[in-house]
Structure formats: C-alpha cells, structure tokens
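Student: One structure coming up, written as structure tokens, with questions to follow.
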Amino acid sequence: MLGMTTLVLGGTGKTGRRVVERLTARGVPTRVGSRSGEPPFDWQDEATWEPALRDARAAYISFQPDLAIPGAAETAGAFARLAVDSGVRRLVLISGRGEEGAQRGEEAVQAAGADWTILRSSWFSQNFSESFLLDAVRAGVVALPVDSVSEPFVDADDIADAAVAALTEDGHAGEVYEVTGPRLLTFADAVAEIGRATGRDLRFAPVGLEDYTAELAAYEVPRDEIELLSFLFTEVLDGRNASLTDGIERALGRAPRDFRDYAREAAASGVWNGTA
Ligand SMILES: NC(=O)c1ccc[n+]([C@@H]2O[C@H](COP(=O)([O-])OP(=O)(O)OC[C@H]3O[C@@H](n4cnc5c(N)ncnc54)[C@H](OP(=O)(O)O)[C@@H]3O)[C@@H](O)[C@H]2O)c1
C-alpha cells in the first residue's frame, strides 16, 4: 500500500531478517534495505538512500559494519534526517551496549525529529551460528582473545520482537531499551552450552590479541574487520557490560530467552554440523 512501507535496514542480517519475517507475517508492507535489496541500499552510497526511503513511514536502522566505528554516528544521523525529510515518523535503532561511538549514533538518531526507540544491545547469541564465530564452532575450537569476562548474550529473536513492537505499537517512543539475555556467561560457558546442545566435543581456548589478529590476517580477513574485532574484544569486553538489564521485559512484558534454548534450537537446525 502506498505510503505505508516499513524500511528494514540490514533486512537480510541477524536482526533485520527476523524483523522482516515478523512484519510480513502481520501483513505490514516491508522493504529490505541492503545492498541486495530492491532498490539496493548501501550505507556507503548516499545516492541509494532516497529511493530506499520512498513511501516509508517507519524504519529499522541497523548500521553496517558497526555503530561504534568512527564516522558511524554522523552517517546514521544523516540517514535519519533524510528519513524524516522523506516522511518517516518512527525510527527504531539497534545500538551497542557500553560503546561510546554507538551512544553518539543514538543521539544523532534521537535528534532527527521522528519518534525514536533505541535497542541498546549486548552481544547477540547468533554470532555463534550466523556470524564470525560459526566456522570456529564447526571446526570444534573457538579461540578468542577473551578470558573470564562474562557477557549476557541476547537472542536476536528477542531483539526482533522488541523492534517489531516499537515499529508497530504505541508506547515505545522515547524509550532506550538496554537489552540483555537472562544470564551472564563467559565465552567458555557459551561454548560449553553449544557443546552440550550438539553433543560434540567443543573447546574454548583463550588466546592473546596478537595471535588472534595474526590468525585473522592469515585468513585474509579485511583490516577494518580485524580492527573492529580487536576493539570489541579489548575495549568493550572489559567487564563493563557484565550485568543483566530488564530491557526485554520492559519492551515485551516477558523474560528474555536463555542461551541454552538458543543453543538447542540452533543445534537442531543442523547449522553447526553443516546440514542446515
Ligand atoms: N552482532 C552483535 O552482537 C551486535 C551487538 C550489538 C549491536 N550490534 C549492532 O547491530 C548492527 C548490525 O550488526 P550485525 O552484526 O547484526 O550485522 P548483520 O545485520 O547480521 O549484517 C548483515 C546485514 O547488513 C547488510 N549490509 C552489509 N553491508 C552493508 C552496506 N554497506 N550497506 C547496507 N547494508 C549492508 C547485509 O545485507 P547485504 O549484504 O545485502 O548488503 C545484511 O542485511 C550494527 O550496527 C552493530 O553495531 C550488533
């Protein structure tokens, strides 16, 4: 229907894909905003923004590659202002917890002039099954430059539920929902949960940052990506986010999903043994 589209940036990614599925199931007209979308949307090509925003009245903003990187706040702010100029009245932003750059991105989106909701999120559980940790889990050894710090991994399904509530229901405007899962886990704990769920002998191995980045470079991971991972593992995973919050409860009126349930479901899908 003309004038009623919801633009979902990162609409094929970990949270965006789930937001699109939920909106579509509710009969809400939705447009995927990504480089493979129709029309294509690219954060690095401003000329693609206006066509993607045509007829949109609400938008889910998932910045790439990460809202914490230098320049992200300015770019996200410029997009949000263009969205408002184009007729968007509601903006929902996925942001990162404990990241100064991401918090600047939140402020830029808040200042754009639409109703806004922020989902300030801890690490997604799905990083183990749909992102850069997948290959390591499949190989049987997850080696990361992190030791005993704990993280309240949050389920991308919960984030998508909260995003859809904020995009489609009243009562979420002006809310910063700091979202976590219900339990603090070290990375070793998380890997052990996946081991139990899959019945495989899975090992977590703490490594030094230099060895980790050298390994990534050997696999020809782009330098930007290596820098981003180094920042996340050294600065953000320093214990600052080792606490639980009630964001999912406040947004949805229910408890967040536990990592164990995520691990069981992902194991059943076959993603970790290559049969998915
Ligand atoms: N992962 C986490 O644990 C975590 C935690 C807290 C906050 N966040 C935030 O969540 C956001 C998304 O991160 P994510 O890890 O979940 O990634 P993701 O959404 O899984 O990333 C992939 C999505 O981004 C699109 N994309 C990639 N490059 C793009 C570009 N240049 N222009 C437009 N779209 C592009 C991809 O589609 P195409 O390939 O078709 O372009 C795909 O839809 C980030 O801003 C991050 O800061 C992530």
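The values are calculated or read from the model by the stated rules, or taken from the named source; none is laboratory data. Since the structure is predicted, the reported quantities are computational estimates derived from the model, not experimental observations. Glycine also receives a Cβ, built like all others from the backbone with ideal geometry; neighbour counts cover every protein chain displayed. Please note that ligands, DNA and RNA were not included when accessible areas were found on the heavy atoms of the full protein model with its side chains. Shrake-Rupley method; radii C 1.70, N 1.55, O 1.52, S 1.80 Å.
Student: Considering only the stretch 9-36, how many residues are of a type outside the set (S, T, N, Q), farther than 15 Å from D157 by Cβ and either open to solvent by 30 Å² or more (accessible area, probe 1.4 Å) or not in a loop (DSSP other than H, G, I, E, B) (or both)? Outline the logic, then answer.
Tutor: The first filter runs over the stretch 9-36 and keeps only residues of a type outside the set (S, T, N, Q), leaving 9-11, 13-14, 16-23, 25-29, 31-33, 35.
Add one more test, that the residue is farther than 15 Å from D157 by Cβ, and what stays is 9-11, 26-29, 31-33, 35.
Narrowing the set further to residues that are either open to solvent by 30 Å² or more (accessible area, probe 1.4 Å) or not in a loop (DSSP other than H, G, I, E, B) (or both) leaves 9, 26-29, 31-33, 35.
Final tally of qualifying residues: 9.
Student: Can I ask one more? Hey, any hits in the stretch 43-59 for a residue that's open to solvent by 40 Å² or more (accessible area, probe 1.4 Å), among the acidic types (D, E) and within 13 Å of the ligand (Cβ to nearest atom)?
Tutor: yes
Student: Working carefully through the options D158, D170, D135, D147, find the one that is in a loop (DSSP other than H, G, I, E, B) and either free of Cβ contacts under 8 Å to residues at least 24 places away in the same chain or open to solvent by less than 20 Å² (accessible area, probe 1.4 Å) (or both).
Tutor: Values: D158 fails: in a loop (DSSP other than H, G, I, E, B); D135 fails: in a loop (DSSP other than H, G, I, E, B); D147 fails: either free of Cβ contacts under 8 Å to residues at least 24 places away in the same chain or open to solvent by less than 20 Å² (accessible area, probe 1.4 Å) (or both).
Being in a loop (DSSP other than H, G, I, E, B) and either free of Cβ contacts under 8 Å to residues at least 24 places away in the same chain or open to solvent by less than 20 Å² (accessible area, probe 1.4 Å) (or both) holds for just one of D158, D170, D135, D147, which is D170.
Student: Tally time: how many residues in the stretch 93-109 are open to solvent by less than 20 Å² (accessible area, probe 1.4 Å) and of a type in the set (S, T, N, Q)?
Tutor: Residues meeting the conditions: 1.
Student: Quick check: anything in the stretch 73-92 surrounded by 14 or more Cβ atoms within 10 Å (Cβ to Cβ), of a type outside the set (V, I, T), near the ligand (Cβ under 8 Å from one of its atoms) and under 20 Å from the mean Cα position of the chain (by Cα)?
Tutor: Looking for residues that are surrounded by 14 or more Cβ atoms within 10 Å (Cβ to Cβ), of a type outside the set (V, I, T), near the ligand (Cβ under 8 Å from one of its atoms) and under 20 Å from the mean Cα position of the chain (by Cα), one finds none in the stretch 73-92, hence no.
Student: Hey, any hits in the stretch 94-110 for a residue that's away from the ligand (no atom under 12 Å from the Cβ) and either in contact with a Cys (Cβ under 6 Å, 6 or more places away or on another chain) or not in a helix (DSSP H, G or I) (or both)?
Tutor: Within the stretch 94-110, the subset away from the ligand (no atom under 12 Å from the Cβ) is 100, 104, 107-108, 110.
Retained after the next criterion (residues that are either in contact with a Cys (Cβ under 6 Å, 6 or more places away or on another chain) or not in a helix (DSSP H, G or I) (or both)): none.
No.
Student: Sort out which residues of the stretch 187-246 are of a type in the set (D, E) and not in a helix (DSSP H, G or I), and write them in order of number.
Tutor: So in the stretch 187-246, the residues of a type in the set (D, E) come out as 189, 193, 201, 210-211, 215, 220, 224-225, 227, 235, 238, 246.
Result: D201, E220, D238, D246.
Student: Just to be sure, is T186 open to solvent by less than 70 Å² (accessible area, probe 1.4 Å), free of Cβ contacts under 8 Å to residues at least 60 places away in the same chain, under 21 Å from the mean Cα position of the chain (by Cα) and closer than 22 Å to V146 by Cα? Quick ask: steps written out before the conclusion?
Tutor: Numbers: open to solvent by less than 70 Å² (accessible area, probe 1.4 Å): yes; free of Cβ contacts under 8 Å to residues at least 60 places away in the same chain: yes; under 21 Å from the mean Cα position of the chain (by Cα): yes; closer than 22 Å to V146 by Cα: yes.
Taking the combined requirement at face value, the residue satisfies it.
Student: Mind listing whichever residues of the stretch 249-272 are crowded, with 20+ Cβ neighbours inside 10 Å and either under 18 Å from V191 (Cβ atoms) or out of contact with any Gly (no Cβ under 8 Å at 6 or more places or on another chain) (or both)?
Tutor: Matches in the stretch 249-272: A251, F259, Y262, A263, A266, A267, W272.
Student: Residues in the stretch 111-120 that are within 23 Å of R18 (Cβ to Cβ) and either part of a loop (DSSP other than H, G, I, E, B) or open to solvent by less than 10 Å² (accessible area, probe 1.4 Å) (or both): how many?
Tutor: To start, the set of residues in the stretch 111-120 that are within 23 Å of R18 (Cβ to Cβ) comprises 114-120.
From what's left, either part of a loop (DSSP other than H, G, I, E, B) or open to solvent by less than 10 Å² (accessible area, probe 1.4 Å) (or both): 114, 117-119.
Residues meeting the conditions: 4.
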